[in-house]
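This report concerns only the one structure given below.
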Amino acid sequence: MSKINKDMIILASFIELYCKHHHDNQDTVMEINKELMLCSECYDLLKYAVKRRRNCPKDPKPACKNCDTHCYGPKYQREIRQVMKYSGKQFVKKGRIDYLLHYFL
């Protein structure tokens, strides 16, 4: 599996967890690949993040917080920070150390 695909799978997991705990509007939930459930707002954030990650000029790509070239617009930057902060803590509490290692490596 490529680094980009692995990054996108982890990002989708973070966004899905955040959405599940913050956006409980069942009318706007979208099912993606019969595995991922997101509201339309979170789905748009994921699409934006995937597009930005695939077009990242850095190789190897640093963590966004350590990057000197910020490719997210201010609105999306705020949203993704909220998602990462919340979901990161939740995954560590659940014992997902592999996500923590991915964050630091």
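The values are calculated or read from the model by the stated rules, or taken from the named source; none is laboratory data. This is a predicted model, so every value here is computed, not measured. Ideal geometry is used to build each Cβ from the backbone, glycine not excepted, and the neighbour counts take in all protein chains shown.
Remarks
- Only one of Lys58, Lys6, Lys65 that is modelled with pLDDT under 85 and in a loop (DSSP other than H, G, I, E, B): Lys58
- Tally of residues being hydroxyl-bearing (Ser, Thr, Tyr) and either outside any loop (DSSP other than H, G, I, E, B) or more than 21 Å from Lys51 (Cβ to Cβ) (or both) across the range 68-95: 3
- Taking the conditions (1) surrounded by 10 or more Cβ atoms within 10 Å (Cβ to Cβ); (2) modelled with pLDDT of 80 or more in turn, Met30 satisfies each one other than (2).
- Of all the residues in the range 59-74, those that are among the charged types (D, E, K, R) and within 18 Å of Phe14 (Cβ to Cβ) number 2.
- Long-range neighbours under 7 Å by Cβ, at least six apart or interchain, first residue on the phi < 0 side of the Ramachandran plot within the range 1-16, second hydroxyl-bearing (Ser, Thr, Tyr): Ile10/Tyr99; Phe14/Ser87
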